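Presented below is the structure to which this report refers.
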Amino acid sequence: MDQLITTTISESAVRHNLMLLREHIGAEVKLYPAVKADCYGHGLELLLDVISECADGLCVAAPSEAMRLRRLGYDGPVLAFFSAYSFSEEIRELSIAELISADITQTVVDKKEIELINSVAVGLGVVASVHLKVDTGMLRAGAAVADIPELVDIINSSAGLKLMGLYTHFSSADEEDLSIAEKQLAIFNEAVAKSDVGDDVMLHAANSAAIMRLRPSHLDMVRPGLAVYGYHTYAGAETLPPLKPAMRVTAPLIQVKDVEAGSSCGYGLTYTFEKGGRVGRVPIGYGDGYPRSLSNKATVRINGKDIALRGRVSMDQIIVDLTELPDATVGDEVEIISDDSAALNSVENLARLAGTIPYEITCGLRSDRIEKVFV
Ligand SMILES: *Cc1c(COP(=O)(O)O)cnc(C)c1O
């Protein structure tokens, strides 16, 4: 059965963004797009071909995502940000063996983990490639800076391991003040300098924001996510390369009705029409990942006109104000999310209105009621 909500994913937009990133980093730097969380909600199966065509390798978070890439036939390099301890203890060794056999590069963050992966690799009679992650000040994944030289030595002397990369991640590359990112980069470079790291070890740090704004962070390889799909994360993005948003979401107007002066709409009756008017009903809600925090704030577009949401976002539907659009009729296309960065219903602007980030908007828009169309 046809779904009411349609998400159109543009292959050419993703290709454009990857070319732009490639041009920006130059031919020497390796491009490893992040395809985690189903390509930030855009659909890995739809986008794998175009992304892998333009990439030197791919990044994912969970090992299960890495295995999915192999099942889909991708045979290039894959770096998983999570590693051994993301598996429960009972299946840990088996899962590590599976990853090694599938030639997935695992991230390591401590000595026990290094020893465990080494012993599994030795048992299999192979050498597993690993990247060591350095925590340069985010207190998320990574080993302490002071431990890096020793951990590098341990990996170098492990018969079952090959150190292929050393990396860190920025906490604040999308903040106006870049000094925190610059400091993290300096800490990372210092840890590298103190360690016995061969020339063939890839050094990397940059996410989308750092790629655009902090050239010294490009090092040997970059890991763009959000920019691949066409969105900027930070203020001042206007001056940056013109990315093309890959996602457009539409749904039909399914009911239109007249409103008497003084009537209110939606759960909690949070919006009251002072004058008479007209409203329309659109079948999308927080059950589809359209944030409830957009209640009484967002706009949609109908026939090229920005139309306000009235009242609260329900699980399955929203109410829009058609008073200024007398010609609107049932069946008209309602653009929920625009693929124009400058539109009021762009991913970036909706994120701002919802008090969140573009990532959460695109990752969230997933439900059985959405049909994805690839163009
Ligand atoms: C998700 C992720 C990225 C990509 O970040 P964007 O801001 O989407 O470019 C890069 N590196 C790590 C470690 C990540 O978790």
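In plain terms, the C-alpha convex hull of region 32-229 casts an average shadow of 10.7 nm² when viewed from every direction. Across all directions, the average projected area of the convex hull around the alpha carbons of region 219-358 is 9.5 nm².
For region 1-75, GluC sites (Glu not before Pro) are listed when DSSP marks them as loop and at most 12 other Cβ atoms sit within 10 Å of their Cβ; the list is 28. When each of the peptides 256-269, 30-43 is scored by how many other beta carbons lie within 10 Å of its residues on average, the order from highest to lowest is 30-43, 256-269. Dipole magnitude for region 32-229: computed about the Cα centre from +1 point charges on Lys and Arg Cβ and -1 point charges on Asp and Glu Cβ, it is near 100 debye. For region 1-112, averaging the sequence separation of C-alpha pairs within contact (under 8 Å, six or more residues apart) and dividing by the residue count gives a relative contact order of 20 percent. Nearest 5 is fine: what % of DSSP beta bridges in the chain come out antiparallel, could you say? Of those bridges, close to 50 percent are antiparallel. One decimal place: the segment residue 127-residue 150 gains 6.3 nm when fully extended, by the rule 0.36 nm per residue minus the C-alpha distance.
In this simple spin-label model, placing a label point 7 Å from the Cα along the Cα-to-Cβ direction at both residue 70 and residue 177 gives a separation of 4.5 nm.
For a straight C-alpha distance cut-off of 19 angstrom, the aspartates and glutamates reachable from residue 111 (same-chain residues fewer than eight places away being disregarded) are 89, 93, 135, 147, 150, 153, 196.
In straight-distance terms, cross-link reach from residue 30 covers every one of the aspartates and glutamates whose alpha-carbon lies under 12 Å from its own, apart from those fewer than eight places away in the same chain; here that gives 56, 220.
Mean residue ellipticity at 222 nm, helices only, the chain: -8500 deg cm²/dmol; runs of at least 4 DSSP H residues each add -39,500 (n - 2.57), and the sum is divided by the number of residues. As a calculated quantity, the FRET efficiency between residue 344 and residue 261 at R0 = 30 Å, using C-beta atoms, amounts to about 0.65.
Ranking 80, 287, 120 by Cα position along the charge dipole of the chain, where only Lys, Arg, Asp and Glu carry charges on their C-beta atoms, puts 287 farthest toward the positive end.
Over 27 Å between Cα atoms, which of 162/183; 244/372; 112/194; 133/372 qualify? Table pairs above 27 Å Cα-Cα are 162/183; 133/372.
In this rough spin-label picture, where each label sits 7 Å from Cα along the Cβ direction, the residue 199-residue 11 distance is 4.0 nm.
On the basis of the beta-carbon distance and an R0 of 41 Å, residue 270 and residue 186 show a calculated FRET efficiency of 0.25. Here is the tail figure for the chain: Cα pairs spaced more than 36 Å apart come to 32 percent of all pairs.
Once the chain from residue 89 to residue 352 is taken as fully extended at 0.36 nm per residue, the excess over their C-alpha distance is 90.6 nm. Candidates 185, 329, 245 compared by Cα position along the dipole of the chain: farthest toward the positive end lies 329, with charges placed on Cβ.
Here, each number is a calculation from the coordinates, and none is a lab measurement. This structure is a prediction, so every number in the text was calculated from the model and none was measured. Glycine gets a Cβ as well: all are built from the backbone with ideal geometry, and neighbour counts include every protein chain shown.
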